[in-house]
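The values are calculated or read from the model by the stated rules, or taken from the named source; none is laboratory data. In this text, all values refer to a predicted model and were calculated from it rather than measured experimentally. When we count neighbours, we look across all protein chains shown, and the Cβ atoms used for this are built from the backbone with ideal geometry, even at glycine. Ligands, DNA and RNA are excluded from the accessible area calculation, which covers all protein heavy atoms including side chains. Shrake-Rupley method; radii C 1.70, N 1.55, O 1.52, S 1.80 Å.
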Amino acid sequence: MSTWERSESSSSPSAPSWFSQFWSSALRSKPLAPPSETTIRASSGEGLVRRLSLFDLLLLGIGASIGAGIFVVTGTVAHDTGPGVTVSFIIAGGSCVLNALCYAELASRFPAVVGGAYLYAYTAFNEIIAFLVFSQLMLDYHIGAASIARSLASYVITALELIPFLNNNIPSWVGHGSEEIYGAFSFNLLAPILLVLLTIVLCRGVGESSILNSVMTVTKVVIVIFIIIVGVFEVDVSNWSPFAPNGFESVLTGATVVFFAYVGFDAVANSAEESKSPQRDLPLGIIGSLLICIALYVGVCLVLTGMLPYKSLGGDAPLADAFTSKGLQYVSVLISIGAIAGLTTTLLVGLYVQSRLYLGLGRDGLLPSLFGEVHQTRHTPVHSQIWVGIVASVLAGCFNVHILSHILSVGTLTGYSVVSACVVTLRWKDKTACQVFGKSISSRAEGLICLITVVCCGFAAGVFYRFGASFIFLIIAVIIAIFAASALHFRQVYTSTQGFSCPGVPILPTVCIFINIFLFAQLHYEAWVRFVVLSIVTVGIYAVYGQYHANPSSNTLISYQKAPTEAD
């Protein structure tokens, strides 16, 4: 009997208790068959439009990752790390490549349905874990979108103030934000307006939003490449010595900071239902966009640290300041244009991803069905998109969301870890029960215990490193994680997959989990509190609504909507 059928029988009068019904519902998984190129499962009669080519997916991934951070974060981290910030970006980029390989396999394995990390967790684990992954990711996206909208509004006002009659004549509350009230409230007029405009673009269709993203992304990439080329002629190699003035520890700490400059390749995975050839293009889009971002970040770091001594870097616009100090003011203007383009695409893609996640939960019944509806002519999730725009507009218009930035990235690291674990669990072959310490235990249970052990070791190692504990404790945590990974490798049987296959399973995904949780431990303690509190709230929402309305075994099939160029 399937878990879904068991949950149905639990509602009968003979059901033992409410807790039993809750537990039965929470442990349901999504019986998603390997999708074909022509059909997807959904709860409505209309689908999204397959319009995105490989080039569009590459620009989507780049647009999500390369924002104003390349013009700011590179300099602020270099101020503490020195020229070694280049190594920090390489380490962080390498870690993200490992995560991207895991994403690429699952995107290739389930290429025809929206949902990303939420969908993968629902299929590999169960309903409650999928809902928890969604909530953690969504809070990151909501706060991040509001914060980016405020930054974009500030850059737009700064650009407008270059016009003489507008200089110093625009009230601060229009774009920069009013004075803070009680440390949290700060009114901003322009940020919600920009969010409304981008929401309208996204509601009109993926074609229109893709065109805007493509134009903006190409603009900022061209500007970044131009900056690198011009900056090469201003480099003084003596500024690269010493390369790591504060030691390798500062370089590693810098890697934990700049890790989040790469997040965004999951946006490609969430565009599965709108990709023309998802099984081929999604893995290429995920990995290709990330490699391009690594190259751009490394190039900017080398130029920036070569132009000025690292101690001179920092501030709100370090890259612009570097070129101004060399008498290249026109490059500073280009940097401002690039920052506006970068923030626009990052915000656009962020809003796009959020609506697709809501669409997936609406279809599955974990949220009201309104979120699962797709407009019949626009083929976009209009209701989900409007809701996302409203939430971001309220946060951006009324709150100083920057004070919440230190609790961000919890959902990202959690989601990446779950995706890596999904790659391992979905590859397991069913085996008979085995003996562990004299007790019979299923192969899957043994594997899950090993994965949980890796998570605990990663967090312990991160805490030991963060608080300067004896190095021996860090070594012990790593050794235990190695034993757990070895057990996963030698005591489990793994199947092969069609399409893109992540190399080194289960070792590579296990390394991803360890690194992600290690970085999780470096976050502010308030981020840990946010993780616990939001998890409790999520379980409460699921207990009240989700468990009664979710329908993971919906059998409604709908056809892909062909792009105009592919129509018969």
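Summary of computed values
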read-out: Test: residue 471 is more than 17 Å from residue 515 (Cα to Cα), loosely packed, with under 14 Cβ neighbours inside 10 Å and at pLDDT 90 or above; value: yes
read-out: Qualifying position, being modelled with pLDDT of 90 or more and closer than 30 Å to residue 360 by Cα, among 238, 277, 214, 210; value: 214
read-out: Residues of region 340-373 that turn out to be open to solvent by 10 Å² or more (accessible area, probe 1.4 Å), closer than 18 Å to residue 191 by Cβ and either outside any helix (DSSP H, G or I) or of a type in the set (Gly, Ala, Ser) (or both), as a count; value: 1
read-out: For residue 201: the one exception among (1) among the hydrophobic types (A, V, I, L, M, F, W, C); (2) open to solvent by 80 Å² or more (accessible area, probe 1.4 Å); (3) under 27 Å from the mean Cα position of the chain (by Cα); value: (2)
read-out: Residue within region 310-319 that is of a type in the set (Phe, Trp, Tyr), within 18 Å of the chain's Cα centre (by Cα) and assigned to a helix (DSSP H, G or I) present; value: no
read-out: Scan of region 233-242 for residues that are open to solvent by 80 Å² or more (accessible area, probe 1.4 Å) and out of contact with any Gly (no Cβ under 7 Å at 6 or more places or on another chain), ordered by number; value: 233, 241
read-out: Boolean, residue 95 is farther than 25 Å from residue 49 by Cα, surrounded by fewer than 24 Cβ atoms within 10 Å (Cβ to Cβ) and in contact (Cβ under 8 Å) with a residue 12 or more places away in the chain; value: yes
read-out: Filter result for the condition that a residue is modelled with pLDDT of 85 or more and either at positive phi or out of contact with any Ser or Thr (no Cβ under 6 Å at 6 or more places or on another chain) (or both), over 205, 254, 288, 264; value: 288
read-out: Qualifying residue in region 172-189 (condition: under 22 Å from the mean Cα position of the chain (by Cα), aliphatic (A, V, I, L, M), open to solvent by less than 40 Å² (accessible area, probe 1.4 Å) and within 17 Å of residue 400 (Cβ to Cβ)); value: no
read-out: Filter result for residue 463 (touching a residue at least 24 places away in the same chain (Cβ under 8 Å) and surrounded by 21 or more Cβ atoms within 10 Å (Cβ to Cβ)); value: no
read-out: Residues being free of Cβ contacts under 8 Å to residues at least 12 places away in the same chain and under 24 Å from the mean Cα position of the chain (by Cα) - total across region 468-522; value: 1
read-out: Some residue of region 430-439 being open to solvent by 40 Å² or more (accessible area, probe 1.4 Å), among the small types (Gly, Ala, Ser), at pLDDT below 95 and not in a loop (DSSP other than H, G, I, E, B); value: no
read-out: Pairs, first in contact (Cβ under 8 Å) with a residue 12 or more places away in the chain in region 360-380, second of a type in the set (Lys, Arg) and in a helix (DSSP H, G or I), C-beta under 6 Å, six or more apart; value: 372/363
read-out: Pair list, Cβ under 7 Å, 6 or more apart: region 211-232 residue under 12 Å from residue 60 (Cβ atoms) and open to solvent by 20 Å² or more (accessible area, probe 1.4 Å), other residue at pLDDT 95 or above and of a type in the set (Ser, Thr, Tyr); value: none
read-out: One residue from 519, 451 being modelled with pLDDT under 95 and open to solvent by less than 60 Å² (accessible area, probe 1.4 Å); value: 519
read-out: Subset of region 156-171 that is assigned to a helix (DSSP H, G or I) and open to solvent by less than 60 Å² (accessible area, probe 1.4 Å) - its residue that is farthest from residue 397 (Cα to Cα); value: 166
read-out: Condition broken by residue 152, with the remaining ones in (1) more than 28 Å from residue 537 (Cα to Cα); (2) surrounded by fewer than 21 Cβ atoms within 10 Å (Cβ to Cβ) satisfied; value: (2)
